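Asker: I'd like to ask some things about the structure below.
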Amino acid sequence: QVQLVESGGGLVQAGGSLRLSCAASGRTFSISTGGWFRQAPGKEREFLAAINWSGGSTNYADSGKGRFTISRDNAKRTVYLQMNSLKPEDTAVYYCAAGPTCLATMEASYDYWGQGTQVTVSS
């Protein structure tokens, strides 16, 4: 099993920045990719970004390109999502996920999920 713990969410004004963290523990050798998703009220969960743990390759959804940056610290087994120029429509619960499929964009490709962290962007 792999456990994921997110942190870093909160309330921020439009135009501001937040950095989310996702710390992995347990059988982390079984995962190759860390990803970030979000779910806004009344909407389906959507893919934002993914990163390969070993090589650092990344994959982004169009909604996050240019404003969101995913990174990882292998020594800390932590994945980050730096979010800049935040907009009210970025308000959502943000989830990190981990799985064996390289740079996957689909939820079903991820075996492990964090509990989610709320991000609220005020106008």
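The values are calculated or read from the model by the stated rules, or taken from the named source; none is laboratory data. Nothing here was measured: the structure is a model prediction, and the numbers come from that model. A quick note on method: Cβ atoms are made from the backbone with ideal geometry, for glycine too, and the neighbour counts reach across all protein chains shown. The accessibility values were calculated without ligands, DNA or RNA, using every heavy atom of the protein model including side chains. Shrake-Rupley method; radii C 1.70, N 1.55, O 1.52, S 1.80 Å.
Asker: Using the heavy atoms of the protein chains alone and a 1.4 angstrom probe, what is the accessible area of the chain per residue in square angstrom?
Answerer: Values: 5980 Å² over 123 residues.
So the chain comes to 49 Å² accessible per residue, rounded to a whole number.
Asker: A follow-up question, please. Let me know the whole percent of all Cα-Cα pairs from the chain that are separated by more than 22 Å. Write down the numbers at each step before the final one.
Answerer: Values: 1908 of 7503 pairs.
In whole percent, the share of Cα-Cα pairs in the chain beyond 22 Å is 25.
Asker: Find, among the trypsin sites (Lys or Arg not before Pro) in the stretch 1-87, those assigned to loop by DSSP (not H, G, I, E, B) with at most 13 other beta-carbon atoms within 10 angstrom.
Answerer: Numbers: sites: Arg19, Arg27, Arg38, Lys43, Arg45, Lys65, Arg67, Arg72, Lys76, Arg77; in loops: Arg27, Lys43, Arg45, Lys65, Arg67, Lys76, Arg77.
Those that pass, being in a loop and sparsely packed, are Arg27, Lys43, Lys65, Lys76.
Asker: Can I ask one more? Unpartnered cysteines of the chain (Cβ-Cβ under 4.7 Å counts as a partner)?
Answerer: Cys102
Asker: On the accessible surface of the stretch 62-123, probed at 1.4 Å, how many percent belong to carbon and sulfur atoms? Mind dumping the intermediate values first?
Answerer: Values: 1440 of 2990 Å².
That fraction is 48 percent.
Asker: Given 0.36 nm per residue, what is the gain on full extension from Lys43 to Asp73 after removing their alpha carbon distance, in nm? All intermediate terms of the calculation are to be shown ahead of the outcome.
Answerer: Working: separation 30, 0.36 × 30 = 10.80 nm, distance 3.09 nm.
That pair, Lys43 and Asp73, stretches by 7.7 nm at full extension.
Asker: Continuing with the same structure: Between Val5 and Ser85, what length in nm is gained on full extension when 0.36 nm per residue of separation is reduced by their alpha carbon distance? Display every interim value, and only then the final one.
Answerer: Working: separation 80, 0.36 × 80 = 28.80 nm, distance 2.46 nm.
Gain on extension, Val5 to Ser85, equals 26.3 nm.
Asker: Ok, one more. Gaussian network model of the chain, Cα springs within a sub-10 Å range: biggest mean-square fluctuation belongs to which of Gly42, Gly34, Gly26?
Answerer: Gly42
Asker: How high is the relative contact order of the chain? Use alpha-carbon pairs under 8 Å, at least six apart in sequence, and give a whole percent. Provide the component values of the computation, followed by the final result.
Answerer: On the way: 319 pairs, mean separation 43.4, N = 123.
In percent, rounded to a whole number, it is 35.
Asker: On to the next question. Which of the aspartates and glutamates could a cross-linker bridge to Lys43, judged by Cα under 19 Å and excluding same-chain residues fewer than eight apart?
Answerer: Hits, sequence-local ones excluded: Asp62, Glu89, Asp90, Glu107.
Asker: Only bridges whose two residues both fall in the chain count here: according to DSSP, what percent of them are antiparallel, nearest 5? Before the final figure, lay out the partial values.
Answerer: Details: 39 of 43 bridges.
Taking every DSSP beta bridge within the chain, about 90 percent pair in antiparallel fashion.
Asker: Within the stretch 87-101, what residues put their amide N at less than 16 Å from the label point 7 Å along the Cα-to-Cβ vector of Gln115?
Answerer: Residues 93-97 qualify, since their backbone N sits under 16 Å from the label point.
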